[in-house]
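Engineer: One structure, as structure tokens, below. Some questions next.
The values are calculated or read from the model by the stated rules, or taken from the named source; none is laboratory data. What you are looking at is a predicted structure, and each value in this text was computed from that prediction instead of being measured. FYI the Cβ positions are ideal-geometry reconstructions off the backbone, even for glycines, and counts take in every protein chain you see. Remember, those area values only see protein heavy atoms, side chains included, never the ligands or the DNA or RNA. Shrake-Rupley method; radii C 1.70, N 1.55, O 1.52, S 1.80 Å.
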Amino acid sequence: MSVEPALWEAFREDRDELAALRAARAGGMPERCLDCKEFLRPQRESLAEYPGTVRHKGLGRCFTCYERNRKKERTVA
Ligand SMILES: [Zn+2]
């Protein structure tokens, strides 16, 4: 199967997202939030343990971006 280079490039972000989603489902999480690029910390860890991070909510996103993404999906669908 061959893919147009331009198309491949256009979907670069989606590929990154898929990799992050896979990591998240496997129990891990990406180093940074997929949307705002802030450093993530595991959901149960405190800010004191991970200074300067945002809490991981799910699907590779922090709480804020996860909620925003959910609303977006709802309105688009
Ligand atoms: Zn975020």
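Engineer: Is it the case that some residue within segment 60-68 is open to solvent by less than 80 Å² (accessible area, probe 1.4 Å), within 16 Å of the ligand (Cβ to nearest atom) and touching a Lys or Arg at 6+ places or on another chain (Cβ under 7 Å)?
Structural biologist: Looking through segment 60-68, at least one residue is open to solvent by less than 80 Å² (accessible area, probe 1.4 Å), within 16 Å of the ligand (Cβ to nearest atom) and touching a Lys or Arg at 6+ places or on another chain (Cβ under 7 Å).
Engineer: Provide a single number: the residues in segment 18-34 that are in a loop (DSSP other than H, G, I, E, B) and either free of Cβ contacts under 8 Å to residues at least 12 places away in the same chain or more than 22 Å from Thr64 (Cα to Cα) (or both).
Structural biologist: 4
Engineer: Still on this structure, I have one more. Taking segment 18-34 on its own, how many of its residues are at pLDDT 80 or above and more than 11 Å from the chain's Cα centre (by Cα)?
Structural biologist: Qualifying residue count, segment 18-34: 0.
Residue by residue, here is whether (1) more than 12 Å from the ligand (Cβ to nearest atom); (2) in a loop (DSSP other than H, G, I, E, B); (3) open to solvent by 70 Å² or more (accessible area, probe 1.4 Å); (4) at pLDDT below 90 holds:
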residue	(1), (2), (3), (4)
Met1	yes, yes, yes, yes
Asp16	yes, no, yes, yes
Cys36	no, yes, no, no
Ser46	yes, yes, no, no
Gly52	yes, yes, no, no
Arg55	no, no, yes, no
Arg70	yes, no, yes, yes
Glu73	yes, no, yes, yes
